[in-house]
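Working notes, structure below.
The values are calculated or read from the model by the stated rules, or taken from the named source; none is laboratory data. Just so it is clear, the structure is predicted and the values come from calculations on it, not from any experiment. Note that we place each Cβ from the backbone using ideal geometry, even for glycine, and neighbour counts take in every protein chain shown. Quick note on the areas: whole protein, heavy atoms, side chains included, nothing else; ligands and nucleic acids left out. Shrake-Rupley method; radii C 1.70, N 1.55, O 1.52, S 1.80 Å.
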Amino acid sequence: MEKIKIDTSKASLFVTEKDYSTAFTHTLRGFKLVFDKMGKGKEFLGWRDLPFQKEAELIQMEETLNLFTAKLDTVVILGIGGSYMGAKSVISALSKNFPEKKSLDILFAGHHIDADYYAELMAYLEDRNFGLIVISKSGSTLETAIAFRVLKKFMDKKLGKIKAQKRVAVITDKRKGYLKEIADMMRYPTFVIPEDVGGRYSVLSPAGLVPIALAGLSIADLLRGAQDFSTSTRAMVNNPVLDYVATRNSLFSFGKNIELLASFNPRLTYFAEWWKQLFGETEGKEGKGIFPASAQFTTDLHSLGQFIQDGNPVLFETIIDVKEAHQNPKIPNDKDNFDYLNYLAGKTLQEVNQQAVESVIEAHFKGGVPVVQITMPELNEYFLGQLIYFFELSAAASAYAMDLNPFDQPGVENYKKNLFRRLGKPGS
Ligand code: PA5
């Protein structure tokens, strides 16, 4: 089995052996809590088993989806946070940058309340055969609920209520929430987010798998990647999760408060957003946690590069390095050579990008920035499945190592309460 590789050698040099060993002891305790299902929030550890879903269930899911989308050219996926980010990140990472006309267009909504976006979306949907898939574990998240109300009414008006009823599917909890009640009442096809899986750990549940399958990607390969990674990390020796978490957490005690996830592939921009939610909500509580930030190289080397190299030394980097490109144009020779680029003639763009990776690591490391390097052989479902599971295990183990509950998010409630009060929600 080919695996993603995690190399911490250019980061661990910045901490003492004693600090690393203390962090490792805490990490090991945290990692065991994840496996023994004994820690705080243990009722939300169901994500650990998601890679091992039965093939028959996946086939059934795909069949239901085929029926649902048979007459559609567009599906709008409504959701926010964990009910949005996982699907969006995998679809963006594995879809073409400039897709040919697809049989099914996948759009997203419900992840903000921007008025212009919804006005433009409805105008765009005017001559489309569209369906709605609403994703919400709680079934009551305001952004998603508003989007559903607005777009469903728009659809009712366009198609009539009876036709519109067949154009909605729901992904929610098995029992609880308004959305579940609506789905039952309206007999919408419904997929279940298991009760023991929280939002930011739900990408390998129907919350992520349904949109990912709709985008024509292989959910079987994604799960196989996660499965293989899970199996390979049972051993406590040479365990990349333990090493990564112990390294980042000892860097934290050494004053590195920010982890910057960087990649050299714009397709991974949304993957970094998923990662930020995963770590931000998992360990950012009780005054603790490493702030998760991201950058897109080489683009951001022309904006953030100065700060990273030379500014306040508060951060360390985790760089995702994808070794092979799917297509690889060469830089052509030019007999005039007015741009003086003939020294690059014959090199592929991937070769140049790889040299950029090495140059950045060399420069930042020498400039005092600890660098963790994650190598992926290529960007596909299988290796992305591994990477997802690697980060999920790491985030949960890290929070436990900090004596936190990885699976709650009490801090998110405050803004919601204020918003409900300002909007005049009864009882708020
Ligand atoms: O990780 C989490 O639990 C949150 O980010 C949720 O995913 C997000 O708030 C959306 O919640 P819901 O799926 O209940 O609409």
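A few comments on the model shown:
- When Ser89, Ser95, Ser83 are screened for being under 22 Å from the mean Cα position of the chain (by Cα), open to solvent by less than 80 Å² (accessible area, probe 1.4 Å) and modelled with pLDDT under 95, only Ser95 passes.
- Test for Gly427: is it touching a residue at least 40 places away in the same chain (Cβ under 8 Å) and over 24 Å from the mean Cα position of the chain (by Cα): no
- Flag if Lys54 is of a type in the set (D, E, K, R), open to solvent by 50 Å² or more (accessible area, probe 1.4 Å) and modelled with pLDDT under 95: yes
- Any hit, region 201-214, residues being within 23 Å of the chain's Cα centre (by Cα) and over 30 Å from Ser398 (Cα atoms): yes
- Filter pass, Phe391 being within 16 Å of the ligand (Cβ to nearest atom), open to solvent by less than 70 Å² (accessible area, probe 1.4 Å), under 18 Å from Lys5 (Cβ atoms) and out of contact with any His (no Cβ under 6 Å at 6 or more places or on another chain): yes
- Counted residues, region 136-192 - those being open to solvent by less than 40 Å² (accessible area, probe 1.4 Å) and more than 22 Å from the chain's Cα centre (by Cα): 16
- Count of residues meeting criterion [at pLDDT 95 or above, open to solvent by 10 Å² or more (accessible area, probe 1.4 Å) and β-branched (Val, Ile, Thr)] in region 235-263: 1
- Residue in region 18-25 that is open to solvent by less than 70 Å² (accessible area, probe 1.4 Å) and within 16 Å of the ligand (Cβ to nearest atom) present: no
- Residue count for region 198-230, restricted to those that are away from the ligand (no atom under 16 Å from the Cβ) and open to solvent by 10 Å² or more (accessible area, probe 1.4 Å): 11
- Flag if Gly367 is farther than 25 Å from Leu94 by Cα, in contact with a strand residue (DSSP E or B) (Cβ under 8 Å, 6 or more places away or on another chain) and open to solvent by 20 Å² or more (accessible area, probe 1.4 Å): no
- Pairs where the first residue, in region 125-154, is on the phi > 0 side of the Ramachandran plot and the second is in a strand (DSSP E or B), C-beta under 7 Å, 6+ apart: Gly139/Thr172
- Within region 239-341, strands (runs of 3 or more DSSP E) holding 2 or more residues that are within 16 Å of the ligand (Cβ to nearest atom) and more than 20 Å from Leu384 (Cα to Cα): none
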